[in-house]
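The values are calculated or read from the model by the stated rules, or taken from the named source; none is laboratory data. A quick note: this is a predicted structure, and the numbers were derived from the prediction, not measured. Glycine also receives a Cβ, built like all others from the backbone with ideal geometry; neighbour counts cover every protein chain displayed.
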Amino acid sequence: MVEAALSLPLVVFLVLGTLQLFLMLQARVLAQYAAFRATRAGSVAHGECERMSHAAILALLPSFHSFIGMHVPGVGAQHGGGVGAPERLAMAFAPRRDNRYQPGLDGVHTGSIVWINRGLAGGGVESPQDRGFDDPGHLRRLEVRLIYWYPMRIPFANWVMSRMFLAQLGIQDYTDANPLVLAERNANWGPGEFTSPYALATDVRTELAERVGRREYVFPIETSFTMRMMTPVKARHFASMDCPR
């Protein structure tokens, strides 16, 4: 009984942590697809941010909301067996079309779902529209960097992993009870405790720390994609290279 009491919390964390990691891997795959969809949408829509954001959110919805199993009030077997998957996807997208998590629908999460930063290989646009689009040899590529603020929802694992990520990335030290090694009364996780494979931009670090501070446990998944513009670039869509957050 004593051995079980000592080992059970660690075993529970290993199970929950493994489940959370697999869900993060799925989110990573969908984030790569979302970057492609956002770039494609911008490529065929003159670089319009709203279409790019909508395409990314639609691609990412399955990773944080189970819209297929969502109950639709007033619709049942007497109405033809319910609503199809496309309609359910549209209903799930509608409250999030402004690129915001919805408290209640998305647990405690608020703030942006994605950040999209764009670049134009080949220079900017001086005129209202890229007049040289059809010129022979003219090539303009849309380069997109997408950050998906993936919400971690597995209880206990999300808290532990968030604290570990903050320490790994050198954002915030963690000095408190060690949830991984019960024999240690305190953990001392700092920038030197883990080896960080990459560094985050300052704005991403700040946003991550603020969300975790509000107990909105997220992880920024960063992906990128590049595609040739299929339509002329319009200057009004590139007043800023960052899409609205």
If we keep only residues of region 86-97 that are in contact (Cβ under 8 Å) with a residue 12 or more places away in the chain and not charged (D, E, K, R), then the residue surrounded by the most Cβ atoms within 10 Å (Cβ to Cβ) is Ala92
Region 85-135: number of residues that are assigned to a loop (DSSP other than H, G, I, E, B) and more than 30 Å from Ile154 (Cβ to Cβ) = 13
Would you point out the residue of region 98-155, among those that are under 20 Å from Glu210 (Cα atoms) and without any contact (Cβ under 8 Å) to a residue 12 or more places away in the chain, that is surrounded by the most Cβ atoms within 10 Å (Cβ to Cβ)?
-> Gln102
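Any idea which residue in region 210-245 is farthest from the chain's Cα centre (by Cα), counting only those that are part of a helix (DSSP H, G or I), closer than 30 Å to Val160 by Cβ and not hydrophobic (A, V, I, L, M, F, W, C)?
Among them, the one singled out is Gly213.
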Check region 132-146 and report whether any residue there is under 29 Å from the mean Cα position of the chain (by Cα), under 14 Å from Tyr217 (Cβ atoms) and modelled with pLDDT of 70 or more.
-> no
Name the one entry in Ala41, Ala34 that is part of a helix (DSSP H, G or I), without any contact (Cβ under 8 Å) to a residue 40 or more places away in the chain and not acidic (Asp, Glu).
-> Ala41
Counted residues, region 35-88 - those being at pLDDT 90 or above and not hydroxyl-bearing (Ser, Thr, Tyr) | 27
